[in-house]
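J.: Take this structure, written in structure tokens, and hold onto it; I'll ask about it next.
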Amino acid sequence: MQVSSEFETDILEIIKTRRSRRAFLSRPIEAEKIKSLFEAARWAPSSANEQPWAYIYATADQKELWNRIFESLNEGNKTWAKEAPLLIVSLARKYYLRNGHPNNSAKYDVGAANAFLSVQATQLGLNVHQMGGFDHSMLRQNLNVPENFDIGVVMAIGYAGNPEQLPMHLQERELSPRMRHQQNEFVMNHTFS
């Protein structure tokens, strides 16, 4: 696979600057900014305008709820996410509200809402790091998530901190350029061979 840290064409500056950093300041996030994140998610597109997303969040000062989310993270994520002042769990409602049929687009739609939330966070000077490395069954139990919801990702959010506060192997990842597959690796103007 061909990868590059160069932009192949011009894109929005906010997309260019967005990163998934692991170093966070312990500085709390203002309540109005947190509300703004969810307002951005609210306006994401969704199949049949179903808006199948739900979020559970906890700030670091809400220790019990924050710990219920944090303890489900895998050990590698715990080493750095422990400093995040905000943890968010994204959820996808499995069935359409209007007819009870399975919503096969729900996870995709929640991904779009998470992307809107992440772009809004970048605009507000915040960093979002989405994680799939967590114990799904523990998190479901800790948060009493009903079976009609799939768990998406856990997001650690906060103001970017100093990479030197991280273990050495993560400092290197934090400071390295973002690498992406080049477009010719995933964009086709033909059928699969």
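J.: How large is the charge dipole for the chain, taken about the Cα centre, if only the Cβ atoms of Lys, Arg (+1) and Asp, Glu (-1) carry charge, to the nearest 20 debye? Please list the in-between numbers first.
T.: On the way: 21 positive and 21 negative charges, 53 e Å.
So the magnitude is around 260 debye.
J.: Amide H neighbours of F149 under 5 Å, at least 5 residues apart or on other chains, H built in the peptide plane: list them.
T.: K94
J.: In the range 106-166, what percent of the accessible surface is made up of carbon and sulfur (1.4 Å probe, ligands and nucleic acids excluded)?
T.: Answer for the range 106-166 is 51 percent, counting heavy atoms of protein chains only.
J.: What net charge do the residues around L91 carry, taking every other residue with its C-beta under 14 Å from that of L91, with Lys and Arg at +1 and Asp and Glu at -1?
T.: Details: positive: R93, K94, K107, R140; negative: E50, D109, E147, D150.
Local net charge: 0.
J.: Another question, then. Among all the lysines, which ones have a C-alpha under 30 Å from K94's C-alpha, if same-chain residues fewer than 8 places away are not counted?
T.: K33, K35, K63, K78, K107
J.: Choose one of N148, I29, H136: the residue whose Cα lies farthest towards the positive end of the charge dipole of the chain (beta-carbon charges +1 Lys, Arg; -1 Asp, Glu; about the Cα centre).
T.: The one lying farthest along the dipole's positive direction is N148.
J.: Based on alpha-carbon centroids, what's the gap between the range 111-131 and the range 61-88 in Å, whole number please?
T.: If we compute the Cα centre of each part, the gap is 17 Å.
J.: Let me ask something additional. Please give the per residue accessible area of the chain, computed with a probe of 1.4 Å over protein heavy atoms only, in Å².
T.: For the chain, the per-residue accessible area is 59 Å².
The values are calculated or read from the model by the stated rules, or taken from the named source; none is laboratory data. All figures in this text were calculated on a predicted structure; none of them were measured in a lab. When we count neighbours, we look across all protein chains shown, and the Cβ atoms used for this are built from the backbone with ideal geometry, even at glycine. These accessible areas exclude ligands, DNA and RNA; they are computed on the full protein's heavy atoms, side chains included. Shrake-Rupley method; radii C 1.70, N 1.55, O 1.52, S 1.80 Å.
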